[in-house]
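This report refers to the structure that appears directly beneath it.
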């Protein structure tokens with residue numbers, strides 16, 4: 001389905017852009033330590049581009065793409081992954097700028113990131129449920 005290919009390409013562009021942002025932002029701020037900004041690039045490439053590229057090739061013209069479970073996966077996953085990366089961006093900018101958030105701010109960032117992780121994981125569960133339904137339907141056809 002073309003939507004999976006397009007989604008994969010969008011995550012590629014975002015992954016490359018955040019990789020450049022990480023490199024340039026840390027360079028401009030003379031930052032040499034470890035920051036969560038460095039994890040944004042691989043998250044977007046692996047969890048975004050590679051997953052949807054795999055789905056494009058693996059499920060091309062497959063009926064599972066039109067199921068409710070797959071549609072729920074697509075929506076939840078594409079809320080969870082960008083949201084998670086946005087929280088990594090917030091935390092990373094604070095780290096590079098040397099801003100130590102107070103307990104409330106730190107908890108808020110962690111809580112929002114956790115909610116996006118849960119959304120992402122729920123999306124993945126719906127993907128597996130859709131794939132298991134497909135296998136069950138194939139077995140019944142035999």
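Just a few scattered comments:
- Residue match in the stretch 52-66 (condition: within 30 Å of residue 26 (Cβ to Cβ) and either exposed (fewer than 15 other Cβ atoms within 10 Å of the Cβ) or at pLDDT 95 or above (or both)): yes
- Hey, residue 121 touching a helix residue (DSSP H, G or I) at 6+ places or on another chain (Cβ under 8 Å), under 30 Å from residue 30 (Cα atoms) and at pLDDT 95 or above or not: no
- Flag if residue 71 is at pLDDT below 95, within 30 Å of residue 128 (Cα to Cα) and exposed (fewer than 15 other Cβ atoms within 10 Å of the Cβ): no
- Some residue of the stretch 134-142 being in a helix (DSSP H, G or I) and surrounded by 14 or more Cβ atoms within 10 Å (Cβ to Cβ): yes
- Filter pass, residue 81 being under 12 Å from the mean Cα position of the chain (by Cα) and crowded, with 16+ Cβ neighbours inside 10 Å: yes
- Failed item, numbered, when residue 128 is tested on (1) modelled with pLDDT of 95 or more; (2) in contact with a helix residue (DSSP H, G or I) (Cβ under 6 Å, 6 or more places away or on another chain); (3) more than 30 Å from residue 28 (Cα to Cα): (2)
- Within the stretch 89-124, the residues that satisfy the criterion of being in contact (Cβ under 8 Å) with a residue 40 or more places away in the chain and either exposed (fewer than 15 other Cβ atoms within 10 Å of the Cβ) or touching a strand residue (DSSP E or B) at 6+ places or on another chain (Cβ under 8 Å) (or both) are 97, 121.
- Helices (runs of 4 or more DSSP H) wholly inside the stretch 1-101 containing at least 2 residues that are within 30 Å of residue 137 (Cα to Cα): 2-28, 51-58, 68-97
The values are calculated or read from the model by the stated rules, or taken from the named source; none is laboratory data. Fair warning: this is a prediction, and the values are worked out from it, not measured in the lab. In this analysis, Cβ positions are derived from the backbone assuming ideal geometry, glycine residues included, and neighbour counts consider all displayed protein chains.
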